[in-house]
1. Hey, among Gly145, Gly181, which residue is small (Gly, Ala, Ser), on the phi > 0 side of the Ramachandran plot and either crowded, with 19+ Cβ neighbours inside 10 Å or touching a residue at least 40 places away in the same chain (Cβ under 8 Å) (or both)?
2. Run down Asp3, Asp19 and say which single residue is acidic (Asp, Glu), within 21 Å of Leu179 (Cβ to Cβ) and at pLDDT below 95.
3. Taking the range 176-220 only, how many residues are polar (S, T, N, Q), in contact with a helix residue (DSSP H, G or I) (Cβ under 9 Å, 6 or more places away or on another chain) and modelled with pLDDT of 95 or more?
4. From the residues in the range 66-95 that are farther than 24 Å from Gly251 by Cα and surrounded by fewer than 24 Cβ atoms within 10 Å (Cβ to Cβ), which one is nearest to the chain's Cα centre (by Cα)?
5. If Arg360 meets every condition in (1) exposed (fewer than 13 other Cβ atoms within 10 Å of the Cβ); (2) touching a residue at least 12 places away in the same chain (Cβ under 8 Å) apart from one, which number is that one?
6. Just checking, does the range 421-429 include any residue being in contact (Cβ under 8 Å) with a residue 40 or more places away in the chain and of a type outside the set (Ser, Thr, Tyr)?
7. Restricting to the range 391-418, what's the tally of residues that are free of Cβ contacts under 8 Å to residues at least 60 places away in the same chain, under 31 Å from the mean Cα position of the chain (by Cα) and part of a helix (DSSP H, G or I)?
8. So if I check each of Ser12, Ser8, which one is in contact (Cβ under 8 Å) with a residue 40 or more places away in the chain and on the phi < 0 side of the Ramachandran plot?
Amino acid sequence: MSDMVRLSKVGSIGVMSVDNPPVNALSIGVRQGLADCLAEALRDAEIRALVVICEGRTFLAGADIREFGKPPQPPHLPDVIDALEKSPKPIVAAIHGTALGGGLEVALGCHYRVAVGSATCGFPEVKLGILPGAGGTQRAPRVMGVKPALDLIVNGNPISAAEARQLGLLDQIVEGDLLEGAVAFAREVAAVGPSLPRTSELNEKIQEAKGKPELFTDYEKDIRRKKRGFEAPLRCIEAVKAAVDMPFREGLARERDLFAACVASDQSVAQRHVFFAEREVAKIPDVPKETPLISVNKVAIIGAGTMGGGISMCFANAGLPVLLLDQSREFLNKGMGVIEKNYGSTVKRGGLSQEDMDKRMRLITPTVSYDGLADVDLVIEAVFEEMPLKREIFGKLDAVCRPDAIMATNTSTLDVNEIARATSRPEQVIGLHFFSPAHIMRLLEIVRGEKTSKPVIATSMNLARLISKIGVLVGVCHGFVGNRILHKYSREASFLVEEGALPQQVDKVITDFGLPMGPFAMGDLAGLDVGWRIRKAQGKPKDERYSGTVGDRLAEQGRYGQKTGKGYYKYEAGSRTPITDPEVEKLVVEVSKELGIKRREIGDEEILKRCIYPMINEGAKILEEGIALRSSDIDIIWINGYGFPAYRGGPMHYGERVGLKNVYDQICTFRREHGPLWEPAPLLKRLAEQGKGFSEM
C-alpha cells in the first residue's frame, strides 16, 4: 500500500487520508494508494461508508503535470475513479482548499461531496491546452447541468463552495471541523440504504440539452470570439456534447480521444511551457529565498498621468495607502478624475462594489509637496521619458526619503544606472516598468541596476505578487527586454510597408498568428506622436536603415492614431475599430518612391517570418548578454506585456518549435537579402549548429 494514502476508522466509517505535499497531486503513488485503501475497506465488514479527505492545505489539486508526455503508469485515474463510483459502500469526498481538475473528477466519482465554506472547485485544464480526461466532462453535466458544466470546463475558472452547492456539485457545506462533519454525513447516508447516486447513472440534468444542438453551436460561436485561436476550449465543448449525445461509456471514450489529441498538440505543449515558466520567473539564482524583505506599508507615486494613476490603483487595490504627487493641483485633479472614472467603469460592470471603490479612492492622497514622502517605504517615479527630468526627481527623492526607502523608476527605455547615479544610494534604486494600462496589464519588468541590493530585488519581486502582477527580473539596456524586442519587430513591419505591403496586410498576418492587434493598429492605439516626438528630439539613428518615415509623415499631418480619429487607419467617433484609409495607401506608395524602393508583392509567410524571427534573434542576444535570466522569462514578458499568444508559448518557445536551425537559416537568407540588420545572434548560430534549443541552456 502506498505511504501517500492511509486507511483508518472512526467507528463504522472508513477514512482514506491522502498526504502527498505540497498540493496532494494525483501521482502514481496517490492513485495506487486510493485503489489499495478502497479494496481494503471493501473487505472490512465493519466499515459501512467511506470518507476521502486530504492532509495539508488542500484537497486533491489535480494531476501531476510532471507526468505529462511520459508513458502512463497504472493504475490510471479513470480506473480509480470508476472503482470509487462502483463501490457498494457510500463514499463521501471531504473537500477543503481546492478540488481542481483530477481532484474534482475524483470527487465526482464519489457518491457524495461535502466541503468547508472556503473551498473552491474547478477544472483548470483548459489553461494547459487540455480538457478533463478522467470523466470530468461526462460527470459534471450530469451533476450540475450542461450550461454550468460548460462554463466551468471551458473557462477554467474555479467557483466557490457556495456556488458549487447551489449548482448541485456539493451536497453539503460543513460548518466546523471537516472530518467530523464528513463522518457525520457518511453515517447518515449509510443509514439510508443500499441505493447510491452514481454520477454516471444520473441523466435528468442532461435531458434538457438533448435535441438542442443550437445550445452547443451558439456557445461555440461565443467562445471562438472570446478565446480566439485557442483549440482546447472547442475540444471541451465537443466532450460535453458527447455527454449529451452518447451513452456514458461511449462519452468517456470520446473524452479520452479528445484528451489525448490535446495533450499531443503544439498548443498544449506551449501552454504547459507557460505554466512552468510563470513559476520559474520568481527564482533568482543569486537572490535566495531567505533574503530579507523590506517592509512596504506606504507608497508614493510621482506623476499623476495615465501611468502614475494606473500604478496608484494597483497599490490601492492591494490595500496600501498611496501618496500621488504632481507639480500642480490641476494635474492632480485631472489624474484623480481619471482614477475615479476607471473605478466607476468597473462598478458599472459589476466587478466592484461602490463601497470598495470608495475605500480604494480614500487610500489615494493627492499632494504637490515632496515633504510627505519622508515616511514612505517605496516611491515610484512615473513621469515623461526624459533623463534630465528623471535625474532631477531622483535628486529630490534622495534628499527627502528615508535611507532604507526603495526608489523606483517606471522608465520603459532609459538607463536605470544613470538614474541611480543621481542619488547617494544607488543600491536602493530599481526599475519597476509597468505596462499600460497599469491597473490591468499583468506584467511588471523589474529592472536590476548594477548596484541594486538583493533585499530591494527580493522585495520588488514580492511586491509584484502582492499587487497581482507577474514580476520578471531583467537587466539594464535600452528598452530592457520587452521594448528592445518590440523595436526589432516594429522595424521590420515598417520596412515591409515601404517595400510593398500595406499596413492592413501586415496587421492581418499578425492577428491571424494570434496577437490581439498588429503593429500598425497598436501604433494607433499608443499614439503615433509619442515615437515621432522622441525621434525628432534624438534624431534619426545613424547605425541602421531608418524605418519610421511613414509614421513620421502621418504624425506631421496630425494623424496621431485613435486619439485624433486618424492614424494608419481612420476611426469613427467613439469607435476603436480601424478602417482602411486610401489616403494612407497613397502616402505609403509615395514614401516608397521617395526612398527609391520599387514596390513588390509580399506574401503572408514572408511577413510573418520577418516580424517574428527578429524577435527570436534579439531574444538570443538578450540571453547571451545576461539581460534576461532564461529564455522562458522572455516568453512571459511577451505573453503578458504584448499579447503574444499563450498557445504559441512566447517567441522563444515558438522558435524552438519551428526549429532553431530553420530560424537561423532563414535569418541568414534575410541577411543576404536585406543587409547587416539581420546579423544572426552568435548564440542562435551556436545552438542551431548543435541542434539544441534555448531551454537546454
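1. Going through Gly145, Gly181 in turn, the sole match is Gly145.
2. It is Asp3.
3. 2
4. Of everything passing the filter in the range 66-95, Arg66 is nearest to the chain's Cα centre (by Cα).
5. That leaves (1) as the condition not met.
6. No, the conditions are met nowhere in the range 421-429.
7. Qualifying residue count, the range 391-418: 1.
8. Ser12
The values are calculated or read from the model by the stated rules, or taken from the named source; none is laboratory data. Just so we're clear, the structure is a prediction, and the values are computed from it rather than from any experiment. Methodologically, a virtual Cβ is constructed for each residue, glycine included, from the backbone with ideal geometry; neighbour enumeration extends over all protein chains shown.
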